[in-house]
Amino acid sequence: MMNDLDKLAIENFREYLRMPSVHPDVNYDKFYDLREQEKKKLDDDPSLNPGDVTTINLTVIKGGVQNNVIPSEFVLSFDCRIAVTVDLEEFEKTLNKWCEEAGEGVWIEYELKQPRTPVTKLDETNPFWMAFKKPFDEINSELQPQILPAATDVRYLRAVNIPALGFAPMNHTPVLAHAHDEYLNKDIFLRGIGIYCKVIPAVANVEEIPTL
């Protein structure tokens, strides 16, 4: 995910690369510029969340074996989480084009490359969604669906064309997943049990199950 730190690793490394090169016309800013374009979307539209845009973070820099030896190779690892609206083939073509423009000896290897999976439909064509939202409609509670920017096991269900939703009744709660002080207010917890008691039977008793 992109955060609000002024000096991110990708920005620091971008400045570091401004040095004489065997490729004098190379543009080191292309990946950074793409990141800035996506960040601007978030800044300009408060209704968006990080799952609605492509996030790019430079997370690992490796190269060299000792201080007085020029490294023969530098490895940069980027964590990219692609928005569902992006054509993955075109995105990969763009990355390969940038590598070609950078010159000989620049290439990409993928540590993890997930195939595109269909997004779960949130409309009348999905009876599970309609059953899921019915208890909330009955109490005039508005749902705000979001795409989670982190990976979840839901993607394996969607990969075999099974509609899937992630849900946790944790409103009025700061996002502290995996934090040292992660907690849940007892009243929110108990209220969540009541919500599950309505949602689970509704989803479990859908009669018209669509053909996969």
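Brief remarks follow.
- The aspartates and glutamates whose alpha-carbon is closer than 19 Å to the alpha-carbon of Lys121, local same-chain residues fewer than 8 away aside, are Asp52, Asp87, Asp137, Glu142, Asp153, Glu207, Glu208.
- Computed lengthening from Asp33 to Leu165, 0.36 nm per intervening residue step minus Cα-Cα distance: 44.2 nm
- Efficiency of FRET from Cβ geometry, Ser141 and Asn185, R₀ 22 Å, rounded to 0.05: 0.80
- Ordering of 65-74, 83-92 by burial proxy (mean other Cβ atoms within 10 Å per residue, highest first): 83-92, 65-74
- Take every Cα pair under 8 Å whose residues are at least 6 apart in sequence, average their separation, divide by the length of segment 52-132, and the relative contact order is 21 percent.
- In summary, the lysines within cross-link reach of Lys30, defined as a Cα separation below 20 angstrom excluding same-chain residues under 8 places away, comprise Lys7, Lys39, Lys40, Lys41, Lys93, Lys97.
- Extension gain, Asn205-Val60: 0.36 nm per intervening residue step, less the Cα-Cα distance, totals 47.5 nm.
- Compared with the alpha-carbon gap, the fully stretched path from Val106 to Asp123 is longer by 1.7 nm at 0.36 nm per residue.
- Label zone at Leu95, where the point sits 7 Å out along the Cα-to-Cβ direction: segment 110-154 residues whose backbone N lies under 13 Å: 110-116
Values quoted throughout were computed directly from the atomic coordinates according to the rules given, and no laboratory measurement underlies them. Given the structure is predicted, the values throughout are model-derived calculations rather than measurements. In this analysis, Cβ positions are derived from the backbone assuming ideal geometry, glycine residues included, and neighbour counts consider all displayed protein chains.
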